[in-house]
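Worksheet for the structure shown next.
The values are calculated or read from the model by the stated rules, or taken from the named source; none is laboratory data. Quick caveat: nothing in here was measured; it's all calculated off a predicted structure. Because the Cβ atoms are built from the backbone with ideal geometry, glycine has one as well, and the counts that use them run over all protein chains shown.
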């Protein structure tokens, strides 16, 4: 059994007993795509819905929802997942509590969630469960064996979807 | 993708600037709290969002983050991170010194409100001593911007701050961290009250270097 830490802009693939873990999701979103029959799953930790400067030379495509989720899908298929069996869960996209609305607050979380849903729909991957929005940061752990997603927040404790 | 690194000279320069600035910031804070504060030697590193977890200790811990934007020749954020205990200590001593009231005797609602304004005041003072020192040394034009407070998991508040500092358009950021300690009071966390983090854009380090004549 391995525990994979997925930090911003990363994609990790796990099999059988593996766990995929994203810590401290604020406005970021973790998208988990899994094939429960072949026991394989992948997680991507997304920062923004889409790349801002299309012409920038050092774009990292896995940081963005529109480019990253497709890469995750390709990787899963390469690793032996069957596209028709793929399902998805998403978590994150919170607006952090802050007293001054102009600096730390933004609607990035909401836009991230919207874009992820759209992309999943385009790719024909059914969204089974989601925990998005709200005002608190989350930590998410996905258990590949059981397809369960455990979500931890500071104030509300743990829940499983 | 190639990883950008600082040369030893650049790293030492930034570390020294941060050291002097933190010294000034710590002594202003000490005056406001009427306590002795010491700080460690700042830690300087170039980070990519992909590996911030190697840098952050206890990413899931509840953290108070107060932020001050900086604009001008150098853009970025100055942050002060602390746990609840650190925030309580700072607000307790600052209210005592500044308005002569005991925060413990107030109602919870008053305490909360006062704590926020004290913390905002605190980042204004720390941030501006930082900026003053930086502009003195480099002769650059740097202005302080808006302030904010966020309370959440450390990793969650930090990536908001990194986004604010320009992680959207730049792949690398400079991360400068100095820790502050109270010297005459011991409490759980080895009398650690918080850390100051300054995150300028990687691209703008050259301006700082030019400013000091390197």
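A few remarks follow.
- Selection count, segment B:138-157, where residues are in contact with a helix residue (DSSP H, G or I) (Cβ under 6 Å, 6 or more places away or on another chain) and part of a helix (DSSP H, G or I): 1
- Top-ranked residue of segment B:71-96 - restricted to ones that are over 12 Å from the mean Cα position of the chain (by Cα) and closer than 19 Å to residue B:139 by Cα, ranked as surrounded by the most Cβ atoms within 10 Å (Cβ to Cβ): B:74
- Evaluating residue B:9 against the criteria (1) touching a residue at least 24 places away in the same chain (Cβ under 8 Å); (2) farther than 23 Å from residue B:159 by Cβ; (3) crowded, with 17+ Cβ neighbours inside 10 Å leaves one unmet condition, (3).
- All conditions but one from (1) at pLDDT below 75; (2) within 12 Å of another protein chain (Cβ to nearest Cβ); (3) not in a helix (DSSP H, G or I) apply to residue B:166; the one that does not is (3).
- Scan of segment A:107-121 for residues that are buried (at least 21 other Cβ atoms within 10 Å of the Cβ) and within 10 Å of residue A:69 (Cβ to Cβ), ordered by number: A:116, A:119, A:120
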